[in-house]
């Protein structure tokens with residue numbers, strides 16, 4: 001197949017590139033907004049692309065004619081989306097629509113659209129794919145709008161909802177685990193909310209799960225996340241334990257006490273049985289995922305060597 005990955009410089013984009021290169025013989029085109037890429041392995045072609053620019057998207061998609069587009073490009077800063085709604089909509093909704101427009105002219109082209117647990121209000125979970133969305137933030141509203149655009153389009157596709165994504169990559173935006181580790185390394189006590197609960201998801205696992213859904217020709221909505229539900233405070237303590245820090249450095253607090261521009265769902269726990277049945281796969285639980293991340297960081301296999309060294313492919 002010809003596989004096009006948008007947002008390839010992000011954490012999930014990097015992991016997807018590696019998963020497809022390692023597990024398949026597919027032709028890979030990686031795209032991101034940066035004019036140049038740090039991917040230097042010959043398995044990867046790269047093209048600069050801003051998915052909010054329709055003419056550029058049409059030109060590239062029409063010329064490349066992908067069989068699959070995996071759209072990981074998004075504005076994921078939840079508070080930032082609340083403060084700049086226009087930018088959030090342009091990237092999270094219009095960007096996808098710009099991909100759909102040329103894709104519908106390519107026979108059998110499919111799109112994988114990433115979405116979020118933030119499409120739910122977190123008060124009536126746990127949630128499966130048939131649960132009714134009711135977002136409480138603008139980020140969640142923009143992701144729900146992108147889901148609807150994907151599912152109502154004439155292009156075949158998959159909506160993959162995930163949450164609490166973590167992992168290590170090259171020059172990626174800080175995720176929750178990376179933030180907790182940075183705080184622990186400072187050696188000073190800090191607080192983490194105990195009234196937000198969800199399913200931590202190792203990015204490597206999510207990438208592999210998406211690959212399996214694509215290989216099986218799946219369609220519709222899938223919840224793809226770690227199987228274990230845990231609140232952020234307990235998750236932070238587990239991070240400290242696995243990485244050899246003192247969990248006592250972390251104390252609980254509430255969302256109201258720390259104050260955030262956007263509301264968060266208090267409990268957006270996923271039911272992942274549909275994905276597990278479709279792909280006969282189960283993602284890492286909290287302990288296993290953190291242990292794998294610790295080993296990756298010890299091996300140093302998350303930066304340019306992993307992105308360029310042919311032994312990984």
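Ordering 212, 85 by the number of other Cβ atoms within 10 Å of each residue's own Cβ, fewest first, gives 85, 212. Remark: 228, 291, 82 ranked as 291, 82, 228, counting other beta-carbon atoms within 10 Å and listing the fewest first. For the peptides 41-48, 144-151, the ranking by mean Cβ contacts within 10 Å, running from highest to lowest, is 144-151, 41-48.
Given the rule -39500 (n - 2.57) for each run of at least 4 DSSP H residues, summed and divided by the residues of the chain, what is its mean residue ellipticity at 222 nm, to the nearest 500 deg cm²/dmol? Before the final figure, lay out the partial values.
Working: 13 runs with 124 residues, N = 313.
Using -39500 (n - 2.57) per qualifying helix, the result is -11500 deg cm²/dmol.
Between the helical axis of 11-23 and the longest alpha-carbon principal axis of the chain there is an angle of about 60 degrees.
If one takes the longest principal axis of the Cα atoms in the chain, at what angle in degrees, from 0 to 90 and to the nearest 10, does the Cα axis of helix 176-186 lie? Approximately 40 degrees, to the nearest 10. Residue order for 75, 1, fewest other beta carbons within 10 angstrom first, comes to 1, 75. Compute the label zone of residue 297 within region 163-188: residues whose backbone N is under 19 Å from the point 7 Å along Cα-to-Cβ. From region 163-188, the list is 164-188.
Take the Cβ atoms of residue 288 and residue 105, set R0 to 30 Å, and the FRET efficiency comes out at 0.10. Paramagnetic label reach from residue 260 (point 7 Å along Cα→Cβ; backbone nitrogen cut-off under 16 Å): within region 147-165, residues 162-165. Per q in 0.07, 0.08, 0.11 1/Å, what log10 I(q)/I(0) does a Debye calculation on the alpha-carbon atoms of the chain return? With one equal scatterer per Cα and no solvent, log10 I(q)/I(0) is -0.26, -0.34, -0.66. Determine the shape class of region 64-129: with a ≥ b ≥ c the square roots of the Cα gyration tensor eigenvalues, call it rounded for a/c under 1.5, and otherwise prolate if a/b is greater than b/c, oblate otherwise. Oblate, because a/c is 1.5 or more while a/b does not exceed b/c. When only alpha carbons are used to place a centre, region 177-246 and region 1-32 end up 22 Å from one another.
Any idea what angle helix 138-152 forms with the longest principal axis of the chain, computed on alpha-carbon atoms, 0 to 90 degrees, nearest 10? Value to nearest ten degrees: 30. Remark: relative contact order (the chain) = 20 percent; criterion is Cα-Cα distance under 8 angstrom and separation of 6 or more residues.
Laboratory data are not the source of any read-out in this text; all were calculated from the coordinates shown. These figures come from a predicted structure and were not determined experimentally. With ideal geometry, Cβ positions are generated from the backbone for all residues, glycine too; neighbour counts draw on all protein chains shown.
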